There are 2 protein chains.
Amino acid sequence: MRYELYYWPGIPGRGEFIRLALEEAGVDYLDIGRSPAPGHGVPAISTYLDDPEASQPPFAPPFLKAGDIVVSHVANILQFLGPRLGLVPEDECRRFWVQGLQLTLCDWLGEAHDVHHPLGASLYYEEQKDEAKRRADVFLGERLSKFLGYFEQVLSRNPEGSDWLVGTSPTYADLSLFQMVAGLRYAFPRAMQRLEPTAPAVSALADRVAARPNIAAYRASKRCQPFNEQGIFRHYPELDG
Amino acid sequence: MRYELYYWPGIPGRGEFIRLALEEAGVDYLDIGRSPAPGHGVPAISTYLDDPEASQPPFAPPFLKAGDIVVSHVANILQFLGPRLGLVPEDECRRFWVQGLQLTLCDWLGEAHDVHHPLGASLYYEEQKDEAKRRADVFLGERLSKFLGYFEQVLSRNPEGSDWLVGTSPTYADLSLFQMVAGLRYAFPRAMQRLEPTAPAVSALADRVAARPNIAAYRASKRCQPFNEQGIFRHYPELDG
């Protein structure tokens, strides 16, 4: 069975959190939104979303097809993939802990997005620049250090060492934390230069993920799309403190 | 074992989604934040969040203690409780479907909150009233009907009937959809009066949940806290279209 990822092409976006798990595990998957094959690409996503026969219609991408199962939402997809890709511990207690961390990462991601779209995703950034500036002040002044500090604390309290968030090997939450750091470095380089030194274990984890062979090979490939100003992490210098 | 819910007292808030599941199932639980017992109440929550010995510190309430397990985040707690309280179907495919719906409900809840706090939760509403008005226009003009229409579609496509979102009995996602509708009716009565008739199956589901004996008894009890202007769903007439 080949996993099929449905996500809009052109941005790393939320789809990237799924790609990183699939790439780390080295499994075969099809990135439907980016596939040039007939019937693939954006039309395949729209067709699926608009299919009046679908009994389990996703609200929005990303969603993942795995044989007969369709799973939507980043955290839900990762929870589905975790045991199948060896990216969560065995015991149930730790799995709920990993998923709690993932949901915190998803909240952080949502806040990073809302910095440039505080009034709504359907308005252009240019229509909400003043509001974005005020929201950026709150995000960079309070929230960024709060989230960084939280994950620094989680790492420092891992009884099995501070290399990974949970246990002694990477979970999907570690891959997602890497992506958060990468995105924040892109969007807010000045703020991250100031704040990242306050979270050295987070910083080291991000570098540790980047150095993993499958992740490094993926990021050097054309499968990996760069950040840009259409995505969740956008670099607008005026919002960078 | 008695479940212990940790959530700020004084508002239904995110904790209500957990309470509804526990109440529907009729299990014994302790609402720590509202308990007058020595060592309970807000200090118990703060103590837990600030405990330097905690190896799995939650980012924020709500979190649930069940014996040795601590689970945080609404959707994660409900996923933990679902099988234990008989509030999800047996098969795995449907459980991921229920959880996808729950995460969509959580996104909707976040958007309902951000209507009155578009720039950040740390600023007072009075500091962002103009921005809230603009965000309310987007929420009421686009998002509310999109979410209502989505859940209407999910209900209409349930192959086993439109009484519940999945299968033929209520899941935790149905209870959460009820709470969303109840909160939206409180916060945006004018908008809901206009839009709810476009989603009759959603409306009927909310009434069906409200009529369930355990839910009705809970809502008539002092355990159930009313909506107010400190919570997620706030009634500010100027934001109601």
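The values are calculated or read from the model by the stated rules, or taken from the named source; none is laboratory data. Everything numeric here is computed off the predicted structure, so don't read it as measured data. All Cβ positions, even for glycine, are placed from backbone atoms using ideal geometry, and neighbour counts span all protein chains on display.
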Checklist entry - Considering the stretch B:72-127 alone, what residues qualify as being over 15 Å from the mean Cα position of the chain (by Cα), assigned to a helix (DSSP H, G or I) and over 30 Å from B:Pro237 (Cβ atoms)? => result B:Phe80, B:Pro83, B:Arg84, B:Leu85, B:Glu92, B:Cys93, B:Arg94, B:Arg95, B:Phe96, B:Trp97
Checklist outcome for this item: For the stretch A:111-126, the count of residues that are of a type outside the set (Asp, Glu), surrounded by 15 or more Cβ atoms within 10 Å (Cβ to Cβ) and free of Cβ contacts under 8 Å to residues at least 60 places away in the same chain equals 5
Item to check | When residues of the stretch B:49-71 are limited to those that are part of a strand (DSSP E or B) and within 17 Å of B:Arg14 (Cα to Cα), the one farthest from the other protein chains (Cβ to nearest Cβ) | outcome: B:Lys65
Checklist entry - Under the condition of being facing chain B (nearest Cβ under 8 Å) and not acidic (Asp, Glu), which residue from the stretch A:91-116 is nearest to A:Val27 (Cα to Cα)? => result A:Gln99
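Please go through the stretch A:140-153 and give me each residue that is more than 17 Å from A:Gly110 (Cβ to Cβ) and facing chain B (nearest Cβ under 7 Å), ordered by number.
Within the stretch A:140-153, the first condition is being more than 17 Å from A:Gly110 (Cβ to Cβ), and the residues that meet it are A:141, A:145, A:149, A:152-153.
Selection gives A:Gln153 alone.
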Checklist entry - Quick one: is B:Val42 at pLDDT 95 or above, closer than 15 Å to B:Tyr218 by Cβ and not charged (D, E, K, R)? => result no
Item to check | Residue match in the stretch B:74-90 (condition: facing chain A (nearest Cβ under 10 Å) and over 23 Å from B:Gly26 (Cβ atoms)) | outcome: no
Item to check | Test set (1) out of contact with any Asp or Glu (no Cβ under 8 Å at 6 or more places or on another chain); (2) surrounded by fewer than 17 Cβ atoms within 10 Å (Cβ to Cβ); (3) within 14 Å of chain A (Cβ to nearest Cβ); (4) not aliphatic (A, V, I, L, M) - B:Lys129 fails condition number | outcome: (1)
Checklist entry - Looking at B:Ala54, B:Ala60, B:Ala44, B:Ala37, which one is closer than 27 Å to B:Leu101 by Cα and among the small types (Gly, Ala, Ser)? => result B:Ala60
Checklist entry - Of the residues B:Arg223, B:Arg212, B:Arg234, which is touching a residue at least 60 places away in the same chain (Cβ under 8 Å), under 14 Å from B:Phe17 (Cα atoms) and not small (Gly, Ala, Ser)? => result B:Arg223
Checklist entry - Can you tell me which residue in the stretch A:35-59 is surrounded by the most Cβ atoms within 10 Å (Cβ to Cβ), limited to those that are out of contact with any His (no Cβ under 9 Å at 6 or more places or on another chain) and among the hydrophobic types (A, V, I, L, M, F, W, C)? => result A:Ile45
Checklist entry - List, please: which pairs have Cβ atoms under 6 Å, are six or more places apart or on different chains, and start with a residue in the stretch B:180-204 that is more than 19 Å from B:Asp163 (Cβ to Cβ) and end with one that is of a type in the set (D, E, K, R) and in a helix (DSSP H, G or I)? => result B:Met192/B:Arg185
Checklist entry - Only one residue in B:Leu140, B:Leu78 is in contact with a Phe, Trp or Tyr (Cβ under 6 Å, 6 or more places away or on another chain), crowded, with 19+ Cβ neighbours inside 10 Å and modelled with pLDDT of 95 or more, so which one is that? => result B:Leu78
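Only one of these is surrounded by 21 or more Cβ atoms within 10 Å (Cβ to Cβ) and part of a helix (DSSP H, G or I): B:Ser145, B:Ser176. Name it.
Numbers: B:Ser145 fails: surrounded by 21 or more Cβ atoms within 10 Å (Cβ to Cβ).
After ruling out the rest, the residue left standing is B:Ser176.
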Checklist outcome for this item: Sole miss for A:Leu119 among (1) closer than 18 Å to B:Pro61 by Cβ; (2) at the interface with chain B (Cβ under 8 Å from one of its Cβ atoms) is condition (1)
